[in-house]
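Here, each number is a calculation from the coordinates, and none is a lab measurement. Please read all numbers here as calculations on a predicted model, not as lab measurements. Methodologically, a virtual Cβ is constructed for each residue, glycine included, from the backbone with ideal geometry; neighbour enumeration extends over all protein chains shown.
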Amino acid sequence: GALILAAASVLDDALPPPPDTGTTDGDLRALCDHKRAVLAGNVGGAVAALMAEAPRDAELREVLRLSVVAPVEAHLAEILHRAAARGERARVGAAEAADLILGLAFARICLRGAGDDVLSRRDEDVLVSTIIGGAA
């Protein structure tokens, strides 16, 4: 458990504060760019392998939730808070947006062997459109 927590915390430590690009679209795309970089290659595969065990291991599930999901959710909450301050309204909340982004990334890793293309630019377009609206 301690080893898994230490390894998973590297993902959290690697995530910088949410970028403030001045637009929600830009902020979401910057977050997707970061997820693409962090989860590319062996790191994404290793986390996905751990996730496969999570349904049978409550401690592992909690470690992954705290180290993988919660930081992304917190960054999305900040991005969406800035959007609201600019008068923009998101179509989904931070938790749902995190599930969309991470779910798609891990589906690509597990089911398509995405390697370095964990989230394509087209995926990014669809995610941004789903989260804040607009054309994809």
Rounded to the nearest 0.05, what FRET efficiency do Asp125 and Asp57 have when you use their Cβ-Cβ distance and R0 = 25 Å?
0.10
Under a no-solvent Debye model with one identical scatterer per Cα of the range 20-61, what's log10 I(q)/I(0) at q = 0.21 Å⁻¹?
-0.71
Can you run phi through the Karplus equation (6.51, -1.76, 1.60; θ = phi - 60°) for the range 47-64 and list ³J(HN,Hα) in whole Hz, with x for Gly and Pro?
5, 4, 5, 5, 4, 5, 8, 4, x, 9, 9, 4, 5, 4, 4, 5, 4, 5
Give the residue list of GluC sites (Glu not before Pro) in the range 49-136 that are DSSP loop and have at most 16 other beta-carbon atoms within 10 angstrom.
Glu88
To the nearest 0.05, how large is the calculated FRET efficiency for Cys110 and Arg86 if R₀ is 35 Å and r is the Cβ-Cβ distance?
0.45
Compute from the Cα atoms of the range 55-136 the Rg and the Dmax, the latter being the longest Cα-Cα distance, and quote both in angstrom.
14.1, 43
Pop a pseudo-label 7 angstrom from the Cα along the beta-carbon direction at both Leu66 and Ala37 and give the gap in nm to one decimal.
2.7 nm
